[in-house]
1. If I go through the range 1-47 residue by residue, how many of them are farther than 21 Å from LEU94 by Cα and either of a type in the set (Gly, Ala, Ser) or assigned by TED's automatic domain parsing to the domain that holds CYS210 (or both)?
2. Are any residues in the range 174-216 touching a residue at least 40 places away in the same chain (Cβ under 8 Å) and of a type in the set (S, T, N, Q), and if so, which ones?
3. Can you pull out every residue in the range 25-37 that is touching a residue at least 60 places away in the same chain (Cβ under 8 Å) and closer than 15 Å to SER102 by Cα?
4. Given ARG141, ARG149, which one is surrounded by 13 or more Cβ atoms within 10 Å (Cβ to Cβ) and either modelled with pLDDT of 85 or more or assigned by TED's automatic domain parsing to the domain that holds ARG201 (or both)?
Amino acid sequence: MNPKVCRILFSLAVLSWAAALLYFHASGRIAKYLAPDFRMIALVGGLGLAVLGFFNLLTAGQQAGCGHDHGEGDDTSCHDHESSDIHPLLACVLMVLPLAASVAWTKDEYSAAALSRKGLYDAPQNMSASFLSAAMPAITREEIEKGHRKTADGFYEFNLMELYFATGDREMQQAIDGLKIETEGRLLEERKANSKGSRKRLYRLLMTCCAADSRAIPIVLEYGNNPPPTIAENEWVKVAGTMNFPMEDGLLQPILTVDRTVEAEPPFEESFLRN
């Protein structure tokens with residue numbers, strides 16, 4: 001293939017990657033894939049690829065020496081240092097086609113099977129208290145109530161992370177066991193210990209750096225004799241009820257006995273890095 005055409009193709013491939021990174025920033029979709037501390041790195045990378053791609057595109061037709069001595073009378077452009085075992089056009093297709101398909105078809109969320117692999121139906125691990133937590137002041141119901149806002153109908157606002165990890169903190173369990181709380185998350189069917197069909201599962205995703213390392217943070221919703229709401233799966237809801245930590249199958253489970261469930265607007269970011 002003509003070297004100039006080859007350089008143009010590869011420049012366009014680099015620009016397509018730059019466009020994808022910059023598009024994800026401009027559209028806000030980057031929030032689904034990267035934690036805030038890592039988004040600037042992706043933005044700088046996209047801008048760098050754009051500069052590189054435009055520079056190579058604008059200079060594609062220029063002749064350049066290969067950087068070493070060919071000897072007297074040799075033509076520095078008489079042989080090709082850009083040859084490859086793979087055809088340049090095929091290489092560009094392999095660079096661009098998967099990227100375009102991923103951007104066009106991704107739903108920016110996990111499937112139910114992927115969520116299951118990320119701990120959606122796993123019981124919280126029982127974490128023993130460390131020497132640091134043992135040296136800290138005891139957590140009391142009064143302190144918990146002071147640190148959380150109260151709704152007009154008497155429920156204390158908690159985020160799902162607090163409720164999930166309280167399973168591994170005996171003091172926290174005692175402080176909020178039986179407390180009337182309100183929290184938010186995505187609603188799904190409960191697949192375990194749900195013979196009566198009276199349970200749902202509420203979850204959010206915890207992201208440390210990127211979507212690849214995110215994991216589901218769930219609690220169980222118990223509706224008792226009241227029928228569970230007919231809300232589409234994965235819809236955002238606010239639920240209010242009484243929090244308990246019963247033992248089931250030898251493991252503590254965070255279970256919220258629900259008084260009300262209402263649909264809610266999704267938060268700006270589905271991450272516990274949100275305040």
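The values are calculated or read from the model by the stated rules, or taken from the named source; none is laboratory data. As the structure is a prediction and not an experimental result, all values here were calculated from the model. Every residue, glycine among them, receives a Cβ derived from its backbone with ideal geometry; neighbour counts consider all protein chains shown.
1. The total comes to 6.
2. THR183, THR208, SER214
3. Selection gives ARG29, LYS32, TYR33.
4. After ruling out the rest, the residue left standing is ARG141.
For (1) small (Gly, Ala, Ser); (2) within 30 Å of ARG215 (Cα to Cα); (3) surrounded by fewer than 17 Cβ atoms within 10 Å (Cβ to Cβ); (4) modelled with pLDDT of 90 or more, each residue gets a yes or a no:
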residue	(1), (2), (3), (4)
SER11	yes, no, no, yes
LEU21	no, yes, no, yes
PHE24	no, yes, no, yes
ALA35	yes, yes, no, no
GLY61	yes, no, yes, no
ALA64	yes, no, yes, no
SER77	yes, no, yes, no
PRO98	no, yes, yes, yes
